[in-house]
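Just below is one structure, and these are the notes that go with it.
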Amino acid sequence: EILFDTEKTFHFTINELEQKIKHKTNNKISLATVYNTVHAFEKKGYLKQIPINSNQTYFDTNVTDHHHFYDLNEEKLIDLKNSDVGPINIKRKINGKKIKSVEVLVKLED
């Protein structure tokens, strides 16, 4: 049985993934192992890190350039297509650097 469907976007925190793994298997797995594996997948480009605030980070199986809504009440990340966001004009330049991507995080509340 697979942990998540690779055909759909899957957003998760490391703690959520650890709980899902524990629910699906009787084998013991440490949080450190989950953490190291997730970061190894991110480093290889299989996952994208989405920082919400200084102590909450989600990981996304959709590594293409796109944006997100974040529902503060439900603590849920929702994909937002590039076509759903108007042009973004970054006016400041940093010498010797070029913009790789621009990702918008729109925080929602009730």
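The values are calculated or read from the model by the stated rules, or taken from the named source; none is laboratory data. Owing to the predicted nature of the structure, the values given are computational and were not obtained by experimental measurement. Note that we place each Cβ from the backbone using ideal geometry, even for glycine, and neighbour counts take in every protein chain shown. Each accessible area value is taken on the protein alone, full model and side chains, heavy atoms only, with ligands, DNA and RNA left out. Shrake-Rupley method; radii C 1.70, N 1.55, O 1.52, S 1.80 Å.
Beyond a 24 Å Cα-Cα separation, which of these cross-linked pairs lie in this structure: Lys8/Lys97; Lys81/Lys107; Lys76/Lys97; Lys43/Lys107? Over 24 Å apart, Cα to Cα: Lys8/Lys97; Lys76/Lys97; Lys43/Lys107. Counting only protein heavy atoms, what percent of the accessible surface of the chain is carbon or sulfur at a 1.4 Å probe? Taking all protein chains in place, the chain shows 50 percent carbon and sulfur surface. Charges were assigned to the Cβ only: +1 to each Lys and Arg, -1 to each Asp and Glu. The resulting dipole of the chain about its Cα centre is roughly 800 debye. Taking the chain as a Gaussian network of alpha-carbon nodes connected by springs under 10 Å, the highest mean-square fluctuation of the residues Ile52, Ile29, Ile14 belongs to Ile29.
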